[in-house]
Amino acid sequence: MINQENNDLYDLNEALQVENLTINDYEEICKRLKRKPNRTELGMFGVMWSEHCCYRNSKPLLSQFPTQGKNVLVGPGENAGVIDVGNNQKLVFKIESHNHPSAIEPFQGAATGVGGILRDIFTMGARPIAVLNSLRFGNLDKSSNVDLLRGVVSGIAHYGNCVGVPTVGGEIDFDDSYSGNPLVNVMALGLLETEEIVCSGAKNVGSQVLYVGNTTGRDGVGGASFASSELTTTSLDDRPAVQVGDPFVEKSLIEACLDAFKTGDVIAAQDMGAAGLTCSSAEMAANGNLGISIDLDLVPSREDDMSSYQYLLSESQERMLFVVKEEKINDLIEKFNKWGLYASVIGEVIGTSEVIISHKGKIVAQIPTSALSDDTPVNFHNVINNPPDDLLNKWEWKENDLPAIYDQKIFSLKENKNFSFSEIILKLLSNPSIASKRWIYKQYDSQVQANTVFKPGKSDAAVVRLREQNKKNKSKSKVFSGVAASVDCNSRWVALDPFRGSIAAVAESARNVSCVGAEPVAITNNLNFSSPDNEIGYWQLSSSCNGIAEACKALETPVTGGNVSLYNESKNKDNLITPINPTPVIGMVGKIDNVAKAISSEWKNIEDQIWLIGSSKSEIKIAASSYLEYYHGEITGRPPKIDLFDEKFCQSFLRNAILNSLVVSSHDISDGGLAIALAESCILSARGATIELENNLNRVDNQLFAEGGSRIIFSISKMKQNEWFNYLKQNQIDFPSSVYVKRIGYVSSDKLKIKINGKNICNIRVEELTEKFNNSISDYF
């Protein structure tokens, strides 16, 4: 019989508040157990029924995502997604958030975010080969946001650099909505080293359950529940809910686990991440349609007098749970001890479908596995029929609402004075959201493992060379395949139209992968939203999921998994709630057969031709643009609509031209429009560009700074112009009538010169562009 451990004597209302459960949840727990839960069991339900672990608010929306494709081997449901990238190689990848922990303990919150996503990768039998991150902070004019940025970047750098996995790319944006609730999303990629993919379902009744890795302490207790609630002025009191990581232990754990997996003696594996031992044991049992019995007295601990509640809910880092072959126990323990890690048998697989936990010789928890992890509750919300009135009003905004252009100058509604177009370009380049992120990525080791093809900031997507991990796959060929990866989300667009903005996030992440010459294959996503209990918050989430689903189907990039992070909002001492901008981050991966064919964003040679590809069906607008916000101080208008058929064609046409060695650089047009894309390619190459445009639009600033249009600028070698024209002629028949490819200029020596209808619009030295672009963020430090 279960021992209540005096835990039946607890204040119910206080306990439900701590565990973030409702009275309806409690009644459902009693119904499933056919009795009242003790305090330990209530804590287990609290973490397993949190949004962070069971997606209780978002599950109905996620079901519409396409999850199957020709390259998908493992989709949602396991620790990470797996795709076939050719040459008998399999790529494992996923993105996760560590938002709330990073808000109150930025260094450890970010560091353990890296550690956690790496464990999701090598738990599947893959060696981690790359990390990317997507970050959001409040504006840097507040010292608290500067401190958060410094702490988070230091934490990511510390863990990634020490564990020996390169940080190869990412994105960052600044907006006041994130001031109380920064976002820290980390994506990791790994290459499978084992013959078979290691999954998490327990098998074979009587098989031993082996705990490996670091010891268990009180750090991180209740972290999953903490991540599923809003941040308040008292959140600093929850610092114990932030885990503390050790990257050197993680490095040993990677090597020991991969060594163990290769023996075939590990039947199933699960990382002890969110909800710790509770989640790992329950999910292994549920995924195997069996049960698990655990004795907490056998768990290696670093602190005395820990309760069963603390053992089960601790999120101490660098820990794993295995189901192993009984006859191989000693061999496996010896392997982990060799790496200086703990390894202890703490239980076994049982035939009854329940999780049984013992402590100090008594059963302290006995719960059906389906009650904890399978049949979890779902919160259903009504979706409002129409967009909120304030958005409908913003959608009415027109470009004619802007000041007229006189003498090649335009009045800034933000600064109340006139500026030339050259001055506007420099202003946009110096905005932290557009400016170089060099201060950040210089702190990351991007070259460890020696497979990073382009340094951060040099290309639209990171490109990683794939060296064969298995001896039997190794060849003497000097041609290496590779993968490209990008993380993207224009949060402003999503805030102004969650459906269009989320379509754009998928399209841009695919476009970035295509710009290096790789074929987009699949995505992982991190859905960062505010409270779903608010009708606008849930409408944003629902509309965003609709947009992601539509774009992924059209671009044939299925969803292999991801993460949902809700309740991203902050409450001040006056109980005023500030929600973040909805931020559905898309992590796109692509494959390229020969990394030597991959290209970067900078111009290559003087007199190379500069071309533009785009779609007349994909709208081009100043509405919702960086120019409108950063120069005029207005966040309004409806984001451009993207024609996904044309988007896919533009990307495919460009990729083929790259792989035919005709295109030598490419860069997508996004934040800041055409002028900023041209300036960035000039800065990266220390070369200029001479551009001549015909203005078929009403305003010059639309031509320069409008966003959208599925557009990409690219350059053609001056030595291959004839081949390029022949290629264009051969492919012209396949072009949709709405897709255009046109020459707009050539690479020059040291200035960015733009003419529109024969009039000089800007003439800026590349050194001046570079100075504004490179020093903006570092100036805050």
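Quick rundown of the values:
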quantity	calculated
In region 277-319, the residues that are at positive phi and either crowded, with 24+ Cβ neighbours inside 10 Å or among the small types (Gly, Ala, Ser) (or both)	GLU318
Residue list for region 141-151, filter: open to solvent by 10 Å² or more (accessible area, probe 1.4 Å) and more than 17 Å from SER570 (Cα to Cα)	ASP141, SER143, VAL146, ASP147, ARG150, GLY151
Count of residues meeting criterion [closer than 24 Å to SER670 by Cα and open to solvent by 30 Å² or more (accessible area, probe 1.4 Å)] in region 162-172	2
Criterion violated by SER154 - all others in (1) under 19 Å from the mean Cα position of the chain (by Cα); (2) open to solvent by less than 20 Å² (accessible area, probe 1.4 Å) satisfied	(2)
Selection count, region 584-614, where residues are crowded, with 20+ Cβ neighbours inside 10 Å and either assigned to a loop (DSSP other than H, G, I, E, B) or charged (D, E, K, R) (or both)	8
Residue check, LEU372 open to solvent by less than 20 Å² (accessible area, probe 1.4 Å), part of a helix (DSSP H, G or I) and closer than 18 Å to GLU283 by Cβ	yes
Residue count, region 443-456 (criterion: closer than 30 Å to ASP176 by Cα and more than 20 Å from the chain's Cα centre (by Cα))	0
Sole residue being under 24 Å from LYS427 (Cα atoms), of a type in the set (S, T, N, Q), part of a helix (DSSP H, G or I) and in contact (Cβ under 8 Å) with a residue 12 or more places away in the chain, chosen from ASN702, ASN695	ASN702
Close pairs (7 angstrom Cβ cut-off, 6 or more residues apart or separate chains): over 16 Å from LEU258 (Cα atoms) and modelled with pLDDT under 95 in region 332-358, among the basic types (Lys, Arg) and in a strand (DSSP E or B) anywhere	none
GLU619 farther than 17 Å from ASP668 by Cα and more than 17 Å from the chain's Cα centre (by Cα)	no
Residue within region 621-642 that is touching a strand residue (DSSP E or B) at 6+ places or on another chain (Cβ under 9 Å), of a type in the set (Val, Ile, Thr) and assigned to a strand (DSSP E or B) present	no
Hits in region 551-583 (condition: among the polar types (S, T, N, Q) and either part of a strand (DSSP E or B) or open to solvent by less than 10 Å² (accessible area, probe 1.4 Å) (or both))	THR557, THR560, ASN563, SER565, ASN568, SER570, THR578, THR583
Hits in region 406-421 (condition: open to solvent by less than 50 Å² (accessible area, probe 1.4 Å) and closer than 19 Å to LYS759 by Cβ)	ILE410, PHE419, SER420, PHE421
ILE440 being within 30 Å of VAL595 (Cβ to Cβ) and in contact with an Asp or Glu (Cβ under 7 Å, 6 or more places away or on another chain)	no
Residues located in region 647-692, provided they are part of a strand (DSSP E or B) and charged (D, E, K, R)	ASP668, GLU692
Condition check for LEU236: of a type in the set (A, V, I, L, M), surrounded by fewer than 18 Cβ atoms within 10 Å (Cβ to Cβ) and modelled with pLDDT under 95	yes
Checklist (1) out of contact with any Cys (no Cβ under 9 Å at 6 or more places or on another chain); (2) outside any helix (DSSP H, G or I); (3) closer than 24 Å to LEU62 by Cα applied to GLY113, failing item	(2)
Residue in region 91-105 that is open to solvent by 40 Å² or more (accessible area, probe 1.4 Å), of a type outside the set (Lys, Arg) and at pLDDT 95 or above present	no
Candidate set: region 257-266, residues that are touching a strand residue (DSSP E or B) at 6+ places or on another chain (Cβ under 7 Å) and surrounded by 21 or more Cβ atoms within 10 Å (Cβ to Cβ); chosen: the one nearest to VAL205 (Cα to Cα)	VAL266
Qualifying residue in region 401-411 (condition: touching a residue at least 40 places away in the same chain (Cβ under 8 Å), in contact with a His (Cβ under 9 Å, 6 or more places away or on another chain) and either in a loop (DSSP other than H, G, I, E, B) or aromatic (Phe, Trp, Tyr) (or both))	yes
Residue in region 682-694 that is surrounded by the fewest Cβ atoms within 10 Å (Cβ to Cβ), counting only those that are under 12 Å from ILE744 (Cβ atoms) and not β-branched (Val, Ile, Thr)	GLU694
Test: residue in region 524-531 that is open to solvent by 10 Å² or more (accessible area, probe 1.4 Å) and closer than 21 Å to PRO558 by Cβ	no
Helices (runs of 4 or more DSSP H) completely within region 1-87 that count 1 or more residues being within 15 Å of TYR309 (Cα to Cα)	12-19, 39-48
Where a residue in region 574-594 is over 15 Å from LEU189 (Cα atoms) and its partner, wherever it lies, is open to solvent by 50 Å² or more (accessible area, probe 1.4 Å) and of a type in the set (Lys, Arg), with Cβ under 7 Å and at least six apart	ILE577/LYS571
Candidates ASN568, ASN575, filtered to the one that is among the polar types (S, T, N, Q) and out of contact with any helix residue (DSSP H, G or I) (no Cβ under 8 Å at 6 or more places or on another chain)	ASN575
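The values are calculated or read from the model by the stated rules, or taken from the named source; none is laboratory data. As the structure is a computational prediction, the values presented were derived from the model and not from experiment. Ideal geometry is used to build each Cβ from the backbone, glycine not excepted, and the neighbour counts take in all protein chains shown. In case anyone asks, the SASA skips ligands and DNA or RNA and just uses the protein heavy atoms, side chains included. Shrake-Rupley method; radii C 1.70, N 1.55, O 1.52, S 1.80 Å.
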